[in-house]
Amino acid sequence: MCDTIRFRGRDYNEHHFRFIQRLIDEHPGLSRRRLSVKLCEAWGWYQANGATRDMVCRTFMLQLHRAGAITLPPVRWNNDNPLANRKAPQLSLDLLQWNQVGKRLGQLQPLEIKQVRRTGDEKLFNQLMQAHHYLAYTHPVGEHLKYLIRAKGTPVACMAWCSGPLRMNTRDRFIGWSPEVRKRNLHLTTYNTRFLILPWGRVPHLASHVLGMVARQISDDWQALYHHPIHLLETFIEPGRFKGTCYKAANWIELGQTVGRGTKCPTQKQNRPIKTHWVYPIHRRFRDLLQA
C-alpha cells in the first residue's frame, strides 16, 4: 500500500485512509455511491450550487481501493454510464436545411438568444452541432452552458461553453495569478468550445454580434445554474482554418499561440494543432476578482 496518494493536486496519507475506512466500516449497508455522499458531507466537498461532488469522490475512493489503501464494499450493480457511452445525436433531414433567413443582419432582428442547457431545446442544439460543425458534437465535461440563437424562430447559431483549461501560460500571465489562486478561482473563467453559424444564417457581422450578446448575459446564466459568476471568456482558434475575425470585431484580445501540447502530454513534443489564444474580460475589475 502507498503511504501517500496524490489526487487532483493534493496529497492524501494514512490519516485520510483510516478516516475513510472507518466511515465504510461504520456503514456496512451503504452502497459505494451512498458512501461517497457521506464522505463529501464529512469533508465539505460541495459544488458552488450546493450539490455534493460525489462523482469526483467515487473516483477518488476507487483509486484508493485499487491502490490497497482502503477496501470498498462489493459493487451492487453496474449501470450503463450515459456519459462514457454517449451516442451521437440522431439526425433528421429537417435539421440539414432551412430557408435562408436574410442577407443582412438587420433582416434577422430581433435575435432571440436562449441558454438551452437542461431545457427542451438542448436536443435540438446537440443535433445541429452534430450535423453542421466540422468537429461534430461532443458532450462537455463539468460545468457548461449551451446557447441557441434564433432569428424569427429559425435557429441561426449555436455556442457551447465549459470550464476553462487548467493551465494556460498566456492566460495565466495575462491575469497575473499564482498557481494557488488559479486553482481556487479557475471556475470563474469559461472556454468557448464550439461556435457554429448555421449555413442559412451566414450574414455579415452576425458572429461578432452574437459574441457580444452572449458576453452580456453569460455571467448571469452561469450564476443561475452553478451559483457563481464568470469574469473572463477565452477560446482557441486554429489559424489554418480561421482568422478569428469575428472575435477581433467583438473586441476580444489575442494573447498569442499555444505550444501544441496537452496538459498531460508525457513528452515535450507537439501532439496537437497550434492555435491562437483569445480572451475577453467581461468585468473591468476582472484581475482583482480573479486574483481575490
(request) Grab the Cα-Cα distance for residue 172 and residue 51, subtract it from 0.36 nm times how many residues apart they are, and report the gain in nm with one decimal. (result) 40.7 nm
(message) Quick check: Cα centre of the range 131-165 to Cα centre of the range 99-122, how many Å?
(response) 12 Å
(message) At 7 Å along Cα-to-Cβ for each site, give me the label-to-label distance between residue 71 and residue 292 in nm.
(response) 4.8 nm
(message) Give me the one-decimal nm value for the distance between modelled label points at residue 4 and residue 285, 7 Å along each residue's Cα-to-Cβ direction.
(response) 3.9 nm
(message) What are the membrane-span-like helices in the chain by this rule: whole DSSP H runs, Cα extent along the axis at least 27 Å, mean Kyte-Doolittle hydropathy at least -0.5?
(response) 206-226
(message) On a straight-distance basis, which aspartates and glutamates could pair with residue 38 in a cross-link, Cα separation under 18 angstrom, same-chain partners fewer than 8 positions away excluded?
(response) 25, 26, 54
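Can you tell me the length gained on complete extension of the stretch residue 25 to residue 217, counting 0.36 nm per residue apart and subtracting the Cα distance?
The span from residue 25 to residue 217 would gain 64.3 nm if fully extended.
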(message) On a 25 Å Cα-Cα criterion, which of the cross-link pairs 152/243; 123/243; 114/152; 114/183; 103/123 come out too long?
(response) 152/243; 123/243; 114/183; 103/123
(message) If amide hydrogens are placed 1.01 Å from N in the peptide plane, which non-local residues have theirs closer than 5 Å to the one on residue 232?
(response) 190, 282
(request) In whole angstrom, note down how far apart the Cα centers of the range 1-37 and the range 172-194 are. (result) 29 Å
(request) Report, in deg cm²/dmol and to the nearest 500, the calculated mean residue ellipticity at 222 nm for the chain, where each DSSP H run with n ≥ 4 adds -39500 (n - 2.57) and the sum is divided by the residue count. (result) -10000 deg cm²/dmol
(request) Pull out the extension gain between residue 257 and residue 202, defined as 0.36 nm times the separation in residues minus the alpha carbon to alpha carbon distance; nm, one decimal. (result) 17.0 nm
(request) Of the listed values (1) 20.2; (2) 21.7; (3) 21.2, grab the one calculated as Kirkwood radius over Cα pairs in Å from the structure here. (result) (2)
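Each value in this text was obtained by applying a stated rule to the coordinates, not by laboratory testing. Fair warning: this is a prediction, and the values are worked out from it, not measured in the lab. Virtual Cβ from ideal backbone geometry, glycine too; neighbours counted across all protein chains shown.
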